[in-house]
Amino acid sequence: MTDTTRHGRPEPAPPPLTSALRPGPRGYRRAVVVIALAVAAWAALWAVVTPPFQAPDEQNHLNSVLRIAYGGGWPAPGDAYLAPGVVDAVHESGYPSDPPGRWVHRSDVPQFVDLEPVPRDERLRLDTTNALGDASSGTSVDQMTQHPPLYYALGAAALRVTGLTAGRWDLQMLALRLLDVALLALSVPLAAGAARRITGSPSAGLVAATFPLFLPQLGHIMGAVNNDALVVLTCAAATYLAARVVTGDLRWRVAVAIGVVVGLGLLTKVMAAFVLPTVGVAYLLARGRRWPGRLARLVVAGVVALAVGGWWWVRNVVTLGAVQPVGLPRDPATVAQVPDGDVPRLIVEKLPQAFFGNLSWLEVRLPGAWVVLGSVVLVAVVLAAVVLPGARRASLALALLPAGLAFGVAYNSWSAHADTGGLVAVQGRYVFGGIAALAALFAVAVWQLVLRQDRRLALALPVVTALALAAAVGGLVWGFGAFYQGPGETFGDAVERWLAWSPLAEPALLVVLSAGVLAPVSALVVAVGWPRRLAASVAPGDTPAAAPGAPKDAR
């Protein structure tokens, strides 16, 4: 394609989302909000279903939030310690113990179903007397200061706003879990916006919005206290902005916005750096200006990202001699040894398992058939989006983020094996920064399946939504049983155990459950009514296009 831009003139406006079928923004936005609320309700149910401290490193995340809330600062990696109160709270929660759905039960570890919960009004309070730890506390190292502090500062602010800075540990944990739910919900419109921008199809945006519901592990992790939630949101924002860039939006303010959100991600976790190739390729493949203009905008985005958050990692290299110093080095003597020849196979097996469903501390495994099915579908989705004509440029740029994250996890695990002989950190949650990109690619693939016709995609939306909600409900039922239903017990026995352990009394749980039913039903109603709303938005005499709205530069 020939570049006909007249340089020196004012910047061109971004390409329009041309589609005769595009409904009014109010109807589309309302539908996105309803689906986002369904995702939030689903993750909130995971937040109240997952037993306390039965998600990776929750005690450390809670501890680091409290440290900031009580003015304990952000010590150097290896110099932060668990607070005595947090250690007592972990003990009170019954952790460590084996949930009934664990892949194998350990004879030297208590079974969760055999433990008696402390009554709610007798549970430990964390306050100024026990919420800070130091080298004299006799507690373990809290390795979370190997990360930047942004997520933990946000968590401390959430505790202050809710009045829970001093309070029962289980309520503090629930407040922080719900913070992560909110961060996930905010990423849904960004994923929808990316899909709509790439395809020109509002229906594709709604399809993308349903994607998180297919992943039980995402609900489990985003319903837990975890700094990955802020990575998900910042990477979703960067994904949306990259989708705008690759489809021709080369305004300076977009470059600055990319720098800001990437910088905020870098103030959260190093995983945010994996969005940089997506941004770079988006500018490389964008049309509308010659390469010096695109390069200048990419440089601006990089400089802003460095100023906002990248400086943290530069400082680490200069002062600590490593990009990310290890806060708690592993003792090779405590790591199960894995033969060299088994490492590739185990990474290929464990990473998809941990991405789709591996609850608790990678102890409760989604049945392998579902993992294989999900993996096959996901690979097919990415290939369809990247290979088929229609949105190849944008799809390629977006696909780099989840692919890079997955490669980074595999490489890190392989490197750790060389040092320790074990296989560690094969965590699917580390790929969740690419969820918005995967959601957009999923929508592109479905759009391709219906021959890039928005009316057909609108008719497919109720089916996709119903499947997503079925997956969401199925995952929750599986997780609930795996956490609470012991051998030979009834579902009612599991419910009684859950009620006893919950931080919320029964009336409050009833409100959460009601929202957990109402929001998904509303999403399904919106999806079922969408084809009619879309048809009503066609102006008299208009003929739907076969491939509506995708800017040529995205193809």
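The values are calculated or read from the model by the stated rules, or taken from the named source; none is laboratory data. The structure presented is a predicted model; accordingly, all values stated were derived computationally and were not measured. Here the Cβ is made from the backbone with ideal geometry for all residues, glycine too, and neighbour counts use every protein chain on show. SASA here: full protein model, heavy atoms, side chains in, ligands and nucleic acids out. Shrake-Rupley method; radii C 1.70, N 1.55, O 1.52, S 1.80 Å.
Going by accessible surface with a 1.4 Å probe and the largest first, 395, 514, 375 read 514, 375, 395.
Work out the length of the dipole vector of the range 437-512 about its Cα centre, built from +1 on the beta-carbon of each Lys and Arg and -1 on the beta-carbon of each Asp and Glu, and round it to the nearest 20 debye.
My answer is approximately 560 debye.
Once backbone amide H atoms are built at 1.01 Å from N, residue 111 has 98 as its partners under 5 Å, excluding neighbours fewer than 5 places away on the same chain.
How many Å² of accessible area per residue for the range 263-377, probe 1.4 Å? Walk me through the numbers on the way to the answer.
Details: 5850 Å² over 115 residues.
Per residue, the range 263-377 has 51 Å² of solvent-accessible surface.
If you roll a 1.4 angstrom probe over the protein chains with everything in place, what fraction of the accessible area of the range 109-190 belongs to carbon and sulfur, to the nearest %? Reported share for carbon and sulfur atoms: 59 percent.
Estimated at the nearest 10 Å², the accessible area of residue 331 is 80 Å² with a 1.4 Å probe. Spatially, the range 364-411 and the range 33-50 are offset by 24 Å when compared through their Cα centroids.
What is the percent carbon and sulfur in the accessible area of the range 222-296, measuring with a 1.4 Å probe over the protein chains and ignoring ligands? Provide the component values of the computation, followed by the final result.
On the way: 1580 of 2120 Å².
Carbon and sulfur together cover 74 percent of it.
Let's see if you can work this out: charge +1 on each Lys and Arg Cβ, -1 on each Asp and Glu Cβ, no other charges. What is the dipole magnitude of the chain about its Cα centre, in debye to the nearest 20?
3500 debye
Spin-label model, residue 383/residue 407: points 7 Å from Cα along the beta carbon direction are separated by 1.9 nm. For the range 231-266 versus the range 102-150, the spacing of their alpha-carbon centroids is 37 Å.
Could you run the Debye sum over the Cα atoms of the range 29-161, one equal point scatterer each and no solvent, and tell me log10 of I(q)/I(0) at q = 0.13, 0.16 Å⁻¹, two decimals? The Debye formula, applied to the Cα set alone, gives -0.69, -0.96.
Once C-alpha pairs closer than 8 Å and six or more residues apart are averaged by separation and normalised to the residue number of the chain, the relative contact order reads 25 percent.
How would the range 167-252 be classified by its alpha-carbon gyration tensor: rounded, prolate or oblate, with rounded meaning a/c under 1.5 and the a/b versus b/c comparison settling the rest?
On the way: a/c = 3.56, a/b = 2.06, b/c = 1.72.
It is prolate, given that a/c is not under 1.5 and a/b is the larger ratio.
Rounding to the nearest 20 debye, state how big the charge dipole of the range 28-160 is about its Cα centre with +1 on each Lys and Arg Cβ and -1 on each Asp and Glu Cβ. Present the calculation step by step, with values, prior to reporting the outcome.
Numbers: 9 positive and 14 negative charges, 157 e Å.
Rounded to the nearest 20 debye, it is 760 debye.
Phi-derived couplings, Karplus 6.51 cos²θ - 1.76 cosθ + 1.60 at θ = phi - 60°, listed residue by residue for the range 509-523: 5, 5, 5, 4, 5, 5, 5, x, 8, 5, 5, x, 4, 5, 4 Hz, with x used for Gly and Pro.
Take the solvent-accessible surface of the protein heavy atoms, probe 1.4 Å, and return the percent of it on the range 43-87 that carbon and sulfur atoms account for.
Details: 500 of 910 Å².
Carbon and sulfur: 56 percent of the exposed surface of the range 43-87.
Send over the Kirkwood Rh of the chain, from the inverse of the averaged 1/r over different Cα pairs, rounded to one decimal Å. Numbers along the way, then the final one.
Details: mean 1/r = 0.0410 Å⁻¹.
One decimal place: 24.4 Å for the Kirkwood radius.
Think of a 1.4 Å ball rolled over the protein heavy atoms: the range 30-105 then has 28 Å² of accessible area per residue. Three principal axis extents describe the C-alpha atoms of the range 330-425; from largest down they are 53, 27, 23 Å. Measuring nothing but how far apart in sequence close Cα pairs (under 8 Å, 6+ apart) lie, relative to its length, the range 182-228 scores a relative contact order of 27 percent. Between 130, 156, 118, the Cα set farthest toward the positive side of the dipole of the range 90-198 (charges on each charged residue's Cβ, about the Cα centre) is that of 156.
Quick one: accessible area per residue over the range 429-518, 1.4 Å probe, rounded to a whole number of Å²? The partial results should precede the final answer.
Working: 3660 Å² over 90 residues.
Accessible area per residue, the range 429-518: 41 Å².
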